[in-house]
1. Residues of the stretch 315-336 being crowded, with 24+ Cβ neighbours inside 10 Å and hydroxyl-bearing (Ser, Thr, Tyr), which ones?
2. Tally up the residues in the stretch 41-55 that are charged (D, E, K, R) and at pLDDT below 95, please.
3. Within the stretch 383-422, take every residue that is modelled with pLDDT under 95 and in a loop (DSSP other than H, G, I, E, B) and give me the one that is surrounded by the most Cβ atoms within 10 Å (Cβ to Cβ).
4. Quick check on Gln339: is it free of Cβ contacts under 8 Å to residues at least 60 places away in the same chain, surrounded by fewer than 24 Cβ atoms within 10 Å (Cβ to Cβ) and not aliphatic (A, V, I, L, M)?
5. Looking at the stretch 10-20, can you tell me whether even one residue there is in the same structural domain as Lys142 (by TED's automatic domain parsing) and at pLDDT 90 or above?
6. Of the conditions (1) surrounded by fewer than 18 Cβ atoms within 10 Å (Cβ to Cβ); (2) polar (S, T, N, Q); (3) within 19 Å of Ala297 (Cβ to Cβ), Ser118 fails just one. Which one is it?
7. What number of residues in the stretch 155-171 are assigned to a helix (DSSP H, G or I) and without any contact (Cβ under 8 Å) to a residue 12 or more places away in the chain?
8. Could you pull out the residue among Gln126, Gln152 that is in a helix (DSSP H, G or I), within 25 Å of the chain's Cα centre (by Cα) and under 16 Å from Phe100 (Cβ atoms)?
Amino acid sequence: MKKITLSLLLILGLTGSIIAQKKALDWPKIYADQLFKITEVMVTDVASPPVAARIYAYTTLASYLAIQPSGTRFTKPDFLSATPIQADKFQASGSGVTNFEFPAIYAMLLVGEKVIPSGYLLKKAQEDWISWGLKNKIFQKKDLALYLTFAQDVADFVLEYAKKDGYIQLTALPRYSPKEGEGYWYPTPPAYMAPVEPEWRTMKTFFLRNLTDFDPKPMAPFDLDKGSSFQIQLEEVYTVTQNLTEEQKLIANFWDCNPFKVEFSGHMAIGVKKISPGGHWIGITGIAAQKANLNFAETAYIHALVGLTLHDAFVSCWKAKYDTDRIRPETAINQKVDQSWRPLLQTPPFPEYTSGHSVISTASAVVLTAYFGDNFSFLDTSELYFGLPERPFDSFLQASQEAAISRLYGGIHYRDAIENGVEQGDKIARYILQQTQF
C-alpha cells in the first residue's frame, strides 16, 4: 500500500511539475521574441512600410490560424469571417497535436521565410525554435514530424492566399513618373530615391471593401499666396522646425521609423537601419500582450488583428498619397522660402498626403484600445534595439497622437495631412471593428 501511495505521489508530482512548467512559460514574450526575428530580417532588407505591413499580416495570420484547432475560446469574435479568407476550408493535419503554440510559432517563421526577400535568414530561427521545443519538452521527439507537418500545412494555406493579393503583379504595372508643374511630389535629398510602391493601392485588402470609402478629406490646394491654407501650413512647418524644444526633437526621432534613412560620409552613402512604422506598432502590441499577461491564443489573436489592420491602413493611405501626389515641405520650402532649410528628419521617398504615421498609428491605437481598454498605460521599449530610449504612455491613443504630431516636428508633413490622416485611420479602424462585430 505504501509503495502504491509513493508511486502515486511521484506521478502526481511529475504531472504537477509539467503543468507548472507550462504555466511558467511566458508565451506573450516568447511570441514577441520570435516575431522580432522576422522584424530583424525586414530591417536588413530595408522593407518599405507597406511591404513590412504585408509581411506582418501574413506571418501573424499563420499563428492565429494554427491555434484555431486547439479549441481555444477567444474573448473577442473571430475576425476572419469579415475577410475573404475562407478559414473553414483550411484543412490541416492537426490530429495528434496537443500543444498548438509550438507549430503556431513555426508556421509564422515558415511564412516569413517565403514572403521576405532574405527570408532564408530565418532558417536559423526555425532550427533554434525546434531545439527550444525539444529542450522544454513541449512535445516528444518522436512527434516532431507531426508538429512540423501541421505547421507547414498552415504556412502553405497562408502562402497560397498571399499569392493572389496582387503583390506579384506590382512589377508589371506602369512605372511612376513625377508630374510636371508646381505642387507635385518630386524626389528629395539626400538620396533622391524613386517613389516607393506607387501602385500599392491595387493590393487586395482584408477588411476594406471599397477603398474610396476611406479616402481622406480634400487637402489644401497648392497655393503660395499669403494667407492661403497651404501657405499658412508651409510657413508653420518652416517656423516650428526652427524652434523645436528638446522634447519635440526627442518625439520626432522616437517616431521616425524611416527604413530609408541615408547618411553620407564623403562620397559613401550609408543606410541607417530602422524599424518600420508598422513594426513599431507590432512592438507595442507585444508589449501590451505581455503587460496584460495574455495566453498564447489571445496573443496570436491581437497580433493578427493589428497586422491585418496595418496592411489595410497602408493600402488606403498609399492610395491617397498617389492620388494626390502632393509636394513635400522640403521641396516647397527649398524652392519658395529658404534654399538652405532642411527638416529634422529625412524626408521619406513618397508623396506627402496623407501622413502614413497618422493613419496607421490611429488605426492600430483604436483597435488596441477596443481590445485592452481605455487608459491602458505602457512603457514603449520598441526602439531600444535601435538606440532610442523607452517612452511611457497613458494610453494607445496618446501614443498615436504623439506619433502623428511628430511628423510636423520632423518637418516632413503639413498639418492637414496629419489631422486628416488621423481621421482616416480612425474611420478604417472603426469600420473593421464594426465588420468584425467586436
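The values are calculated or read from the model by the stated rules, or taken from the named source; none is laboratory data. What you are looking at is a predicted structure, and each value in this text was computed from that prediction instead of being measured. No Cβ is skipped: glycine too gets one built from the backbone with ideal geometry, and neighbour counts run over all protein chains shown.
1. Listed by number, the list holds a single entry, Ser316.
2. Looking only at the stretch 41-55, we keep the residues that are charged (D, E, K, R), and these are 45, 54.
When the remaining residues are screened for being at pLDDT below 95, the result is 45.
Selection size over the stretch 41-55: 1.
3. First, pick out the residues of the stretch 383-422 that are modelled with pLDDT under 95: 383-389.
Then keep just the ones that are in a loop (DSSP other than H, G, I, E, B); that gives 383, 387-389.
Working: Glu383: 20, Gly387: 9, Leu388: 18, Pro389: 11.
Looking at the filtered set, the residue picked out is Glu383.
4. Values: free of Cβ contacts under 8 Å to residues at least 60 places away in the same chain: yes; surrounded by fewer than 24 Cβ atoms within 10 Å (Cβ to Cβ): yes; not aliphatic (A, V, I, L, M): yes.
Answer is yes for this residue.
5. Checking the stretch 10-20: not a single residue is in the same structural domain as Lys142 (by TED's automatic domain parsing) and at pLDDT 90 or above.
6. (3)
7. Of the stretch 155-171, the ones assigned to a helix (DSSP H, G or I) are 155-162, 170-171.
Going one step further and asking which of them are without any contact (Cβ under 8 Å) to a residue 12 or more places away in the chain, we end up with 156, 160, 171.
Result for the stretch 155-171: 3.
8. Numbers: Gln126 fails: under 16 Å from Phe100 (Cβ atoms).
Of the residues listed, the single one that is in a helix (DSSP H, G or I), within 25 Å of the chain's Cα centre (by Cα) and under 16 Å from Phe100 (Cβ atoms) is Gln152.
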